[in-house]
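Each reported figure results from applying straightforward, stated rules to the coordinates on display, with no laboratory input. Everything numeric in this text was worked out from a predicted model, so none of it was measured. With ideal geometry, Cβ positions are generated from the backbone for all residues, glycine too; neighbour counts draw on all protein chains shown.
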Amino acid sequence: MTHILVVEDTEDNRRILRDLLTHAGFTLTEAGDGERGVALALSEKPDLILMDMQLPIVDGYDAARRIKADPAMAKTPIVAVTSYALSGDEEKARAAGCDAYVAKPFSPRQLLATVKELLARETPAGPAKGIDRG
């Protein structure tokens, strides 16, 4: 089962993401700050990370940089999910190592499409997971 790490400091936002993603069949681990998010990413090696940028202790930009600096995590997709929506914020998130950017409030359909697209890109060459080619 595909495992997603949600790094978000607002409980209501974590609940929304938890409900959406578990309903879509994903398993989750959650962190309420950037420091814990980095620790969980490096120890649990999730398939994808949803990262708020405005986090306590370590912000999402620094957390993304730290995660991507680990060779085992360099190709793990990180989605910036943030209320930052000013000009240049998406570029700043991508420069920190984020692979996609979703502004809050987000469309659940858009977020799921982004997650599925990034996970499909990260699937190794060959048969897709769960498809029997024999």
Counted residues, the range 103-114 - those being touching a Leu at 6+ places or on another chain (Cβ under 8 Å) and either of a type in the set (Phe, Trp, Tyr) or buried (at least 18 other Cβ atoms within 10 Å of the Cβ) (or both): 1
Residues that are small (Gly, Ala, Ser) and surrounded by 15 or more Cβ atoms within 10 Å (Cβ to Cβ), drawn from the range 11-38: 31, 32, 34, 37
Conditions (1) touching a Ser or Thr at 6+ places or on another chain (Cβ under 8 Å); (2) over 22 Å from residue 1 (Cα atoms); (3) not β-branched (Val, Ile, Thr); number of the one not met by residue 40: (2)
Residues being surrounded by fewer than 19 Cβ atoms within 10 Å (Cβ to Cβ), closer than 17 Å to residue 117 by Cα and either touching a helix residue (DSSP H, G or I) at 6+ places or on another chain (Cβ under 6 Å) or of a type in the set (Ser, Thr, Tyr) (or both) - total across the range 66-101: 0
Qualifying residues in the range 68-90 (those that are over 15 Å from residue 3 (Cβ atoms) and among the aliphatic types (A, V, I, L, M)) - the one farthest from the chain's Cα centre (by Cα): 86
